[in-house]
Amino acid sequence: GFVPGLFGTSHGALQFMAYEDLKERYNKYRNRVSDTKLNTVEYIMMAAVSKIFAVSATYPYQVVRARLQDQHNTYSGVFDVILRTWR
C-alpha cells in the first residue's frame, strides 16, 4: 500500500527531529550557545539516541507492513494485522 509506504518515510524525519532537539537541549544543559559544535563522542551519542527513538517509534509499522506483504496469510486490513499480531 501507498499509505503504509508514506508512513515509512517518517523514520528519517523523526530521527532528524530528535537529533536536533537533543543537541539543543544538551547545549542548553551545558550552558552553551544552541549552535555550539559538539565533540565526536557527543555527536555519536546524539546520533545513537535519536536513532533508537526513531526505530522504536517506527519498527511496529515495519512489522505490520511485512505481514501485509506476506503471501501465505490473508488479512482483512491493517487493523486485522495489528490485532492478530498483538495476540
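The values are calculated or read from the model by the stated rules, or taken from the named source; none is laboratory data. These figures come from a predicted structure and were not determined experimentally. Protein only, heavy atoms only, side chains kept; ligands, DNA and RNA dropped before computing areas. Shrake-Rupley method; radii C 1.70, N 1.55, O 1.52, S 1.80 Å.
Given in Å, the Rg to one decimal and the Dmax to the nearest whole number for the Cα atoms of the chain are 18.0, 56.
For a quick check of understanding: with a 1.4 angstrom probe and all protein chains in place, what accessible area in square angstrom does K23 have, to the nearest ten? For K23, the solvent-accessible surface is approximately 40 Å².
Would you calculate a helix-derived [θ] at 222 nm for the chain, using -39,500 (n - 2.57) for each DSSP H run of n ≥ 4 and dividing by the full residue count, to the nearest 500? Write down the numbers at each step before the final one.
On the way: 4 runs with 66 residues, N = 87.
It lands at -25500 deg cm²/dmol.
A 1.4 Å probe run over the protein chains yields, for the stretch 16-80, 78 Å² of accessible area per residue, whole-number rounding.
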